[in-house]
Structures are given as structure tokens and as C-alpha cells.
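The values are calculated or read from the model by the stated rules, or taken from the named source; none is laboratory data. Just so it is clear, the model here is predicted, and its values are computed rather than measured. Please note: Cβ atoms are built from the backbone with ideal geometry, for glycine as well, and neighbour counts cover all protein chains shown. Side chains included, ligands, DNA and RNA excluded: accessible areas come from the protein's heavy atoms. Shrake-Rupley method; radii C 1.70, N 1.55, O 1.52, S 1.80 Å.
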Amino acid sequence: MDISKITDTKKVDLCKKYFYIGACCLPFVWLANACWFFSEAFLLPITTHRQQIRRYVIGSIVGTVFWIIVLVSWETFFQHYRQQGIEWADSLTFVYPKGRV
Amino acid sequence: MSGVETPLLLIAIPDGHTTTPAVSKESQKVATGPSTTGSSNAGLEIYNAIDAQGLIVRELKAKDAKSQATKDAIAKLLELKKQYKEVTGTDHKPGNPPASQAPVAASSTSSNSALDIYNAIDAQGLLVRELKGKDAKSQATKDAIAKLLELKKQYKEVTGSDHKPGNPPASPTPAVAASPKSSNSALDIYNAIDAQGLILKKQYKEATGTDHKPGNPPASQTPAPVSSSSSNTSPLDVYNDIEKQGNIVRDLKSKDAKSQATKDAIAKLLELKKQYKELTGADHKPGNPPVASAPPISNNNDDLSKQIDAQGLIVRDLKSKDAKSQETKDAIAKLLALKKQYKESTGSDYKPAPSPAAAAVPSTPVSAPTSSIDENALLKEIEDQGAIVREAKSKDPKSQESADAINKLLALKANFKKTYVVMTRIAILVQIFIFFNFVTTINCEGFFDEVFQRINIQEGTACYRLLNGTDQFGCHGTSKNENGLLVEIKNEQGIFENIGKCFKNIYPDYDGMFWLLLPVEMIKKNTVAIIKTSNCIAGLVLYNEKVFNIDDSIEASHDSECPNRLSDFYKDPAKNINSKGAILPEGLRDIHWDLQMVFIDNSTEIEVLKKCYSLFNQPISGGTISHPYCGMSFKLSNAAAGNSDICYRRGIDAMNSLQISLDTNGQNNAPCIPLVGYNIFGLPIGLSTLANFSREPTYMVLASRMDSFGVIADVSPGEISVITSLIAMISAARSIGTNFENWSKASKKSNKYLMFSTFNGESFDYIGSSATVHLMRNSEFPLPILNITQLRNINLQQIEYVVEVQQLGSSKNKKLYAHVDKKRYSNKKEEIDGILKRIRESLVQDGYTINMSIENVTPPSSWHSFAKFDENVQNLVIAPFDETYEYGRFNSMLDKNTWNDENKNKVKKEIEAVSNSILSTAAQYVGLENATKVDEKLIDILFECMIVSRNWFDCDFFKKLNGGRYEFIGQTYSMQSKSTYIGVGGNNPLRFILHWLYIFALGSDRETLNVKDGKSCMHLSENQAVYSYDWQPNPYTGNFSCYRSSVRFNQLQSPAFDIEGYSIKNNRTYSTWTESVYTIDSIKLFIMEDSSFDYIMLILAIFVFILSIFSITRCKEDTFIIDEGEQLAESGEPL
């Protein structure tokens, strides 16, 4: 969807909507929101609308980074520690493998 | 150029559309026209203009009331009405032409002539017809009709006769008629033009047979104009025409190859070409203009025949549209007239040349090849050709033309069938193939027996995973060690030479793993290292080749050099007591094997395996052998991994979490299960709470173990490890039981009691004894304290001695040893000395020597569990070994012996002697002067039943003892054969046998003679816990009676799994052994071929496939085609 063709208020609405949707534990929605509205927010001259969009985009970026950290760290712990059979690492998994640790 | 006004005659050919915007514009112009003329005619003119405009408005409104054209027309009308009002001074009323003007108009009209009126009538008549045709009841129609009648009246006045159509009055000159016409009104002219147009249109329709369409000059007329022009042209002209027409055709084709225009143009081109040929006598060749030759022979007949042709086309068209219309009839009449003409001129009947219909035929074959693959195109062609055939037949069913057309149709149909039926047949073949594949993959059993030879493996005869707190041991089946080439190892040389090289010298072109078929005894000290470290062994198939003699000094203990090292009481058990027999220092059980192991008991199955090897895998006289090979597949998969801690914890988690309710309906599906077994405790004198006991009674535990293991844990006959000691204990118990009064009197007097305990799981870090100690420490032994029991529980402090006998039958030279713990010896020196003295006396009587071994480190025994928690309990182990085991097959799969009389006697004697020494020990402890002696016969019977017989219930004694109460029909190894492994399921019948034997030994039925059935016997057991009453048969007679005894059994598992918060991983106090849940597959034997075999089979399969396709397509059409009446069609039947 080409956002250059819709009005400013609609852009702000869209950005806001995507931001709130991403807040439901949907990091990729935040990522999409950040990428989509990045040029709109930062690369064009600033207006009141763009100010709002900028806020939401920054929020989306922060959220995405947070999720990246959480997921990467979980994955590292999972891959490295879980196969050692450590007790706390077992709480990372839902299904235990059969025949191997 | 005189100044005479001459009329300007304008002929406008209307384009035939019925919208009136143009008309309105024109009528606008016309309407404005009249307003500029003289006022004398203005009113009438305006009136007429208003009428016309009104009609236009009505039409437009009917079409679309809101269009711009309608609005313009309405505006114009209103303007006209205004004008009219100005001019005449009255409103416009329909049907009321202005009177004042009328005479002028009328006189002007009457002064003109009757011809004028006549023409006006004609025009008006046409108008009326038109309007009627549109809508017979509209206001416009009525107006027009009114006007017509008016005109007719006028005409009658003027000429004196009625108006008759087709009879114009003679007098008026066209010029006179024309001039007032010009001044009359442009509208009249317009109407006249309209009328004229209609007349011309009708003529056109009659002439061509089609409606006049603007922009579509009639093509079918071209033969006529061409023919008319061709009679005057030269071949060169025709040639040029052909060129031009060719270009036109190319243009039209590129635009749309199938339109009517294209077809007409193509027809015209072909006509030209024919003409050219007639003229020049040669075919038209592009780029070869004709030499100017003789003038064309204009054949009148040619002309005529062309006309006939053209007319014929017209007739066909009309007929196809409507065979009964007037037009058709006219056209047919014209055609017949032409034909008559032709006949008159030439004298012969007219015969149609190849018609445009035929000309149309060549066009279709041109298009056919390009779309022969497309099914729709083929079908369409067939349809077209069918239409052509129908046409040709309708003209003349027997003509050459029809025959050609029919042949063409049949050819097309055949072509279609060929391509399409073959493809559908291939599709059917493929579907059948897929279906059979599908069916056979669902029902594998159909092919299974042809591919595999299956050998079923019982549960328990394959090596599986055992886990303890820190490690996993045993075997696990993976994809790597599942399949292998079966190799039989007959002697050690086979192992030494070949395994290192992975049998490359025998099987050079095989790269995979191997299954070794070897007897159990070939796992020895010198071979096991090679087997363990090889990376090309998938597994071992073990069988019992030779059963040893008790005198054979075979070293095949599967236990470690220091059994139960981790749970030993001594922190540093220095002695490696099993070093002589152990195959590996850590034992064979405590190893994480990479390979699998299967044990096969059945000799026929072993024969099958050996035969498979000898047929395919045995090299001829030590050389090499190539494919095909006999391969074997077996897999045992364990669910547990890591160690007991991990898997038990995960099992508990799974029990608490969602997984359980989803999968298993609330049952524990932990991947590993702690080892658990029945322990039997027999008290000769029942416990009771008697207030007159001022001191606590003390106990001497007469312990024995009832379990052992092998590298495959379930396969553990345990003859010397377990059973001989059990026989000794039971015999002693029986002796006490039969002399109950003496023993009980002495016990009660000394307040020292005996307890026979048979512990289970002792070889796995003292499961049974440690659980017992745990219960004792919690005051829950033998039962938890409940209100109904009058039981005096036994505490750990009450245990003074743990006496055990081990490995009876393996003594060398009748030498026995008594092991006593040195540290605790000093506490009770005299007592122990007294006991030892008594033992010696007893044994010497039986011809055995005994050596007292008071040592710092006593051998592994159940005492270790007691010693860990109590400082006073003393150990006494009577065994035929001193510092190392004499018996080389302690805890082994090979703990099984052949018996001849000599061996039997020897062992029986030993059992008897030791059993007597147990009685002496006990007698000394409780203070009985004369110890009783064991029943030799009982030992004989028990020996036969428990050691010599192949299965537990083969002998009569046990059969009677069972009395039909239990039927052991399980399919596990422990149910089918003698096994002493503790297990997890309580499947082992041994515990029943021991329980019954103790009841038989220690119980009596004298007190319950009045009890006549099992139910009342059970009833006696309730509400008290001192005695247990069992309805049991006498093993000698088989008669049931109610035995009262103080024998109980407890199912005990290691306290490690019972204590809250016990760290299974770190705490070594208790046993942490668990057994993994596993699934077992059966052995499958199959033939291994080399890879070229696969390719050959693939090529063969493709070849067969192609062959089958050809065999089907070679079938004739008649086998598959249903007769659709083509034979009849060919012979001329109408379709």
C-alpha cells in the first residue's frame, strides 16, 4: 500500500493502529510498522502529523529491539543450556525429547 | 445561370439508428429553419416543428428521461411552443394545426398539386407505419394518424378521388412539386427523405437479403460487382485485384481471424483467384503478374452462374435465419428464376460449383493443424464441420460436396479420438497405478512376508537403558545401529582378526555396520574391549551355547569389581572383591553402550539366524564374498535419557502439567520408572503390643537377597548368586516353623526374636534393605501406625544382627568363611564369639571348615544399609569366599549351570550345612539349647524346583503350592523363563513363590482348622495386623487350608524417590536406579543388494511401464468405441 497517497490524518491513524496491534505481543507488527513509516517519520520535513508518527515509530523500534533481545537470549539459553539437562533449563521447554536429553 | 430559383434537392440517407439527438439537431435546424421563413407559413411551420419535436422528445424520454439529449430536446420544444405562441397568439394544442395559416398552407399546398399531397400522404403513411410498428397506441401515433387522414381528405378534395397507394396523380411536375416543397418546409423534405430512405432500405434488403448496416458494404454482392467488372477486365486487372484483396484479407485476419468480415473477404479472394484461373488458365501465383493475353471471354453463362451462386448464398443465409419469411420466399423465387434463365440460355441444369461453403472448408483445415493439440479447438472444428455438412446435405445429400464434407468430419472425429482417447487411457493407467500403490502402502502385510523374515523379541531380552543419579547406562537403538550385516562369530579368532578391520577382508564391498551373532560367553575380558571400542558393530545377538559346570572356572561376572560400591557403608572399600570374575572393572551394566544387544533363547530362532548367515554371508573357505548379503534390523528405543534426576524430574513435571491430561488420561507417563520390587518379611513369632514387655525386643535379621542381573538385566538366572541362599533360608525357616514351640519359648524368654527378610533390589545399591531401614526409622515398619493395628513396630535400634549367607555352592574344598565387622566386634565380643563358636560346631558336624574373618571391610551385604544409620548392628556373612569371590559368574547372564548328581549333591550338602549353621546362629541368639536341623528332603525339592527345572512351575511342588491360583501368561522374559531381576512391574513370579514358601515355612494351619473356605480365611485377616491368614494349598498334598502366619510382603522402592527434596543427583545415600521406558521392535532379516541392483530394477520397471502403454494403445478402436451412427451417416442418413 502506498501511503503517499493517503491523507496525513489517515497516516497517523494507521501508524497508531499498528503500534497498538503490535503491543499484543506481536513484535513483527512493530517491525513492520517501523519499517513502513520510517521514511515518513524521519526522512521528510517535520509537521505536527509527522511528529506523532515519529513518536509511534520510535515506540515500535524500541519494542522491536526489546523483543529481539528477549528472543535471542531465550534461544541462546535454550540451545546451550537445555541440552545439558540443567533443572532450570527444563522450564524452557514444553515437550521433552524422547531418548535424548 | 438565370435568376430563376431552382430547388436544391438534398437527399440525406439516414444511417438507420433510431436515436433522435441527431434527429433533434436536424429537426432543430429544421425547426429553426421554418422560423426564418415568412410569417404566413410560420404558424403551420412551427406547428409542424412542434409536432416533430414532440415526437422526438417522447422517443428520447422513452429511452432515457434524464439524458442531456432529452433535456436539450425538451428545451427546444418549449422554445418552439413559445415561438408558436408569439406567432399565432394561441397555445400549441396537439391535433389542432393553426387555422389561419392552414388555408394558406392548405391553399399553398392545394395550389401546389395533388402530387404534392400524394407524396405527403405517402410520407405520412410511412411515418404512421413506423410509429405503429413502434407503439400502436402512443400519442405520437395517434397524431400521425390524424395528420394522415387530414392529408387524405385534402387529396380527395384536390383530386376528387381517394388516395390509392401506388397511383401517383399524373399532373404535377417534379419541379413545381419540388419548389413549393422547398418553401413548404424543410421538415416535409426531411420526412420525404425519411420515407425515401425507408424505401431504399427495403429495396436494399430485398436485394441483398440482409439489413442495411452502415459501414458494412455487402460482401456477398462482391461476386456480382466483381463478376460484372470482370467481364470487362483483363487478367492483369484480376491479378491486381487479387493482390489488393489479399492485402485486405491479411489485414482483417490479423485483426480477427474469425469475423464475418474476414470470412467474406476470404471468400472474395478465392472468388478472384478462381476468376483469374478461368481467365488465364493457370493458378494465381504471387509475384507473377500475367502476360497480357487474350481479352477475357465474357461468358454470359459465367455471369449468370455467378449470379445464381450469389443468389444461392443469399437464400442459404435467409433460410438459416428464417425459412418461412417473405424475404426468404422472395429470394428463393429469384433464385429459381435465375436458374430457369440459366437453363434457357445454356440448355443444361445449373450445377453449383464448389461453393463458398467449400471455400470455407479450406480455411478450416488451415486453422486446424495449429490447434490440433487444443481439445477445445478440435471440438470447435468438429462442430463447424458438422454445420457445414448439415448445410451441404440440406442442399443435396448425395452431391460430391456433401461427401467431401462428411469425409472431412469423420477425419476430424478420428483425429480427436486418437489424441484424446489415448491421453485419457494414460490418465487411467496412472490412476490405477497410484491406487494400487496407495492400497499396498496401507496394507503392508501383503509384502512384508516376502521381504522380511521376522523374529519376535520378547520384552526383557534386549538391552535397554538403566539410569542412576548421575549417568545413563545400557543400550539405545538409533538409525546408526539399527541395521547391519549378520555375521556369526564362532570363536575368538573371528573377533580378533576381523572386527578391527570391520570385516573388510571378508566383505570388501560393504561399508555398513554389522550385527554379531555370538554366544554370551564370548564376551570375555579379552574380547570385550575390542567389541566396545569398535565403530562398525551395530549390535550383538547373544545366545547360550554352552551351559557351564559349577566347577568350571569361568570368569563371566557382569557386575563390577566392587559391587555396590557407591552404596557401600565403608567410604573406601579397598578390596575389589569381584576382581576375579568381573569382565570389566566397572562391570558390564554400568557402561553406556553404543551398540545394541539382543538375547535369543529359542534354539530354532538361533538356527534361522545361523542359516541366514551361512547362506549369504559365509565366505567360502576363508575368502571374500559379495552381494547379496543377509542383513538384520533391530531397534530398541528408550524414552529416558541423561540420568535419573533429569528423567524423573521431567516425569513429575509432565505429571503435573497439561501433557498428562492430554495424552494419558491422568496416568504417569514418565519416561523412566524407579526400580521397585516386593520384599518379604517372615516373623516366626508375631508382633504384638503386650504391655508386659518392659524392654524392647531385639531382632536378628536373617537376610537374603532375591535379585541379580546381567548385562541384559532381565536375563539373570542367579542360581548361585541368589537361589542357593534362598533355599538355605527357607529351609531354616521351615525348621523353625515346624519346631515352633521351642523356638517361641526361647524367644519370649530372652526377648530376642528373629526376622527372616528377603530383600529385593540389593544388587542395585540395596534398594530393599535401604527402604526397610527408612521405614524402620520412621516407625513405619512393618506397617504404618494406624488405629486398628495392635502392632508394635520395629525400630532400627532393635536390630542387633544382620546375618546373611551368600553364594552357596561355590565353595572350594568345603571351606567357608564368616565375615564380621571388626569395629563393632568389640562391642559385643562375647556374644559374637559365642555365635561363631556355635556356627563352627554346626559346620564341622557337616564336614565343613569355617574361618572367622573379623575384618575392617566386610563384603557387600544388606547389613550396609543398616550400618549407615545405626552404629550397633553387627554384620555376619557366611560365604564360601574370603577376600575375593570364588564364583566367577556372580550377577551374570551365565549364572546357570548344568547339574549332574555329583554337583547337585555337593551343592545340596553345602546348602544344608549352611542352613544348619544359620539355625545354630539363631539358636544361639535366642537362647535355644539345641538348634533344630533342616529337612534335607525339602532342600532336595527346592533345589529341583528352583534350580534344575527350566521354569518356575515345572515341578510338582510349586504347582501344588500355586494350586491354580495364578496363571502366569505374560509375554515378558521374566514370565516365560526364570529371572531374578527386580524390574519395575512386579511381573516376576519368584516373589509369589517366596511368599508362599515363607507362609508354608513359618505359618501353621492348626489354629484355623474350622475355616473351610478362602473367604472366611480372608475375613480373619481384617481388623488386625499381627497375623495374616492366607488360603493356601499344602505343597505336599495340594489341599487348601487357612494358614495363619506372620509373613508380610511390602513393595518397596528406593527412598530417594520417596523423600521430599532428596537430591537424586548429589546424594549417594540411597539407590537412584531407574529403568527407562522402551519400545521394542522385532528382528527383521532381509537381503541386502548392492546399489546397481536398484538401478537395474528401475530401468526394468520403466521398460515394463512403456511396454504396457504400447500394448494398450495397439488395441483397435472397435474394442473401445461405441457405435454412434457414423456408418449410417456415411450412407446418407440425415443427422
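Tell me, what ³J(HN,Hα) does each residue in segment B:746-760 have, in order and in whole Hz, if you take phi through Karplus 6.51 cos²θ - 1.76 cosθ + 1.60 with θ = phi - 60° and put x for Gly and Pro?
5, 5, 5, 5, 8, 6, 10, 10, 10, 9, 7, 10, 10, 8, 10
What FRET efficiency would be calculated for the residue pair B:Lys525, B:Leu783, taking the C-beta separation as r and a Förster radius of 35 Å, to the nearest 0.05?
Between B:Lys525 and B:Leu783 the formula returns 0.15.
Below 8 Å, C-alpha to C-alpha, sequence gap of six or more: please give me the relative contact order for segment B:926-977 in percent.
Value for segment B:926-977: 23 percent.
B:Met423: accessible area at probe 1.4 Å, nearest 10 Å²?
Surface open to solvent at B:Met423 totals about 110 Å².
Let me know the longest stretch in chain A that avoids all trypsin sites (Lys or Arg not before Pro) found in a DSSP loop with at most 16 other C-beta atoms within 10 Å. List each step's numbers first, then the result.
Details: sites that count: A:Lys98, A:Arg100.
My reading of the result: A:1-97 is the longest stretch.
Do any of B:Lys610/B:Lys896; B:Lys306/B:Lys339; B:Lys63/B:Lys137; B:Lys490/B:Lys610; B:Lys635/B:Lys1084 go past 20 Å between their Cα atoms, and which?
Working: B:Lys610/B:Lys896 24 Å; B:Lys306/B:Lys339 11 Å; B:Lys63/B:Lys137 17 Å; B:Lys490/B:Lys610 11 Å; B:Lys635/B:Lys1084 10 Å.
In this structure, B:Lys610/B:Lys896 lie more than 20 Å apart at Cα.
Any of B:Lys340/B:Lys380; B:Lys340/B:Lys398; B:Lys822/B:Lys906; B:Lys828/B:Lys908; B:Lys76/B:Lys134 with alpha carbons more than 27 Å apart? Name them for me.
Details: B:Lys340/B:Lys380 39 Å; B:Lys340/B:Lys398 22 Å; B:Lys822/B:Lys906 32 Å; B:Lys828/B:Lys908 33 Å; B:Lys76/B:Lys134 24 Å.
Pairs exceeding 27 Å: B:Lys340/B:Lys380; B:Lys822/B:Lys906; B:Lys828/B:Lys908.
At R0 = 22 Å, how high is the FRET efficiency between B:Glu605 and B:Phe447 if r is their beta carbon distance? Nearest 0.05 is fine.
Result of the calculation: an efficiency of 0.45.
If each residue of separation counts as 0.36 nm, what is the full-extension length gain between B:Asn1023 and B:Asn437 once their alpha-carbon separation is subtracted?
204.2 nm is the gain from fully extending B:Asn1023 to B:Asn437.
Can you run phi through the Karplus equation (6.51, -1.76, 1.60; θ = phi - 60°) for segment B:1065-1075 and list ³J(HN,Hα) in whole Hz, with x for Gly and Pro?
Values per residue, Gly and Pro as x: 6, 9, 8, 9, 4, 10, 5, 10, 6, 10, 10 Hz.
R0 = 22 Å: FRET efficiency of B:Asn1067 with B:Tyr570, Cβ-based, nearest 0.05?
Once the sixth-power term is evaluated, E becomes 0.80.
Show that you can apply the helix-only estimate: for chain A, add -39,500 (n - 2.57) for every DSSP H stretch of four or more residues, divide by all residues, and state [θ] at 222 nm to the nearest 500.
Here the helix-only value at 222 nm equals -23000 deg cm²/dmol.
I'd like the accessible area for A:His49: 1.4 Å probe, protein heavy atoms, all chains in place, Å² to the nearest 10.
Counting only protein heavy atoms, the figure is 50 Å².
Over segment A:3-91, with the other protein chains present, what is the accessible area per residue in square angstrom, probe 1.4 angstrom? Intermediate values should be presented prior to the final figure.
Working: 5720 Å² over 89 residues.
Averaged over the residues of segment A:3-91, the accessible area is 64 Å².
Give, as a single signed number, the net charge of other residues whose beta carbon lies under 12 Å from the beta carbon of B:Phe890, with Lys and Arg counted +1 and Asp and Glu -1.
Summing Lys and Arg as +1 and Asp and Glu as -1 gives -3.
Give the lysines reachable from B:Lys959 as a straight Cα distance under 19 Å; neighbours fewer than 8 places away on the same chain don't count.
B:Lys937, B:Lys978
Could you order A:Val72, B:Val315 so the one with the most accessible surface comes first? Probe is 1.4 Å. Can you show the working numbers first?
On the way: A:Val72 85, B:Val315 15 Å².
Of A:Val72, B:Val315, the descending order of accessible area is A:Val72, B:Val315.
Roughly what would the spin-label model give for B:Lys319 and B:Leu10, points 7 Å off Cα along C-beta, in nm?
4.6 nm
Relative contact order, percent, of segment B:949-1018 when contacts are C-alpha pairs under 8 Å separated by at least 6 residues? Write out the running numbers ahead of the final one.
Numbers: 37 pairs, mean separation 15.9, N = 70.
Contact order relative to length: 23 percent.
Each residue of segment B:867-884 in order: what ³J(HN,Hα) in whole Hz does its phi give by Karplus 6.51 cos²θ - 1.76 cosθ + 1.60, θ = phi - 60°, with x for Gly and Pro?
In residue order, the calculated couplings are 5, 5, 10, 9, 8, 9, 5, 10, 9, 9, 10, 9, 8, x, 10, 10, 9, 9 Hz.
Using the Cβ atoms and a cut-off under 13 Å, what net charge is assigned to the surroundings of B:Asp1081, where Lys and Arg are +1 and Asp and Glu are -1?
Numbers: positive: B:Arg454, B:Lys635, B:Lys1084; negative: B:Glu459, B:Glu482.
Net of charged neighbours comes to +1.
Express in nm, to one decimal, how much length is gained between B:Leu429 and B:Asn415 on full extension, taking 0.36 nm for each residue of separation and deducting their alpha carbon distance.
In short, 2.9 nm is gained.
Between B:Ser1131 and B:Ser744, how many nm apart are label points set 7 Å from Cα along the C-beta direction?
With each label point 7 Å from Cα toward Cβ, the separation is 11.9 nm.
What whole number of Å gives the distance from the Cα centroid of segment B:918-983 to the Cα centroid of segment B:118-141?
Here the answer is 130 Å between Cα centres.
Testing the spin-label approximation: label points 7 Å from Cα along Cα→Cβ at B:Gln845 and A:Leu92. State their distance in nm.
Using points 7 Å along Cα→Cβ, the separation is 7.1 nm.
Could you grab the relative contact order for segment A:3-91? Cα pairs under 8 Å, six or more apart, rounded to a whole percent. Write out the running numbers ahead of the final one.
Values: 65 pairs, mean separation 24.0, N = 89.
For segment A:3-91, the relative contact order is 27 percent.
Lys and Arg at +1, Asp and Glu at -1: add these up for the other residues within a Cβ distance under 11 Å of B:Ile854 and post the number. All intermediate terms of the calculation are to be shown ahead of the outcome.
On the way: positive: B:Lys822, B:Lys823, B:Arg824, B:Lys829; negative: B:Asp821, B:Asp833, B:Glu855.
Summing Lys/Arg as +1 and Asp/Glu as -1 gives +1.
Between B:Ile620 and B:Ser399, what length comes free when the chain is fully extended (0.36 nm per residue of separation minus the Cα-Cα distance, one decimal in nm)?
Difference between extended and current length: 70.9 nm.
How much accessible area is lost when chains B and A come together, counting both sides, with a 1.4 Å probe, in Å² rounded to the nearest 100?
1000 Å²
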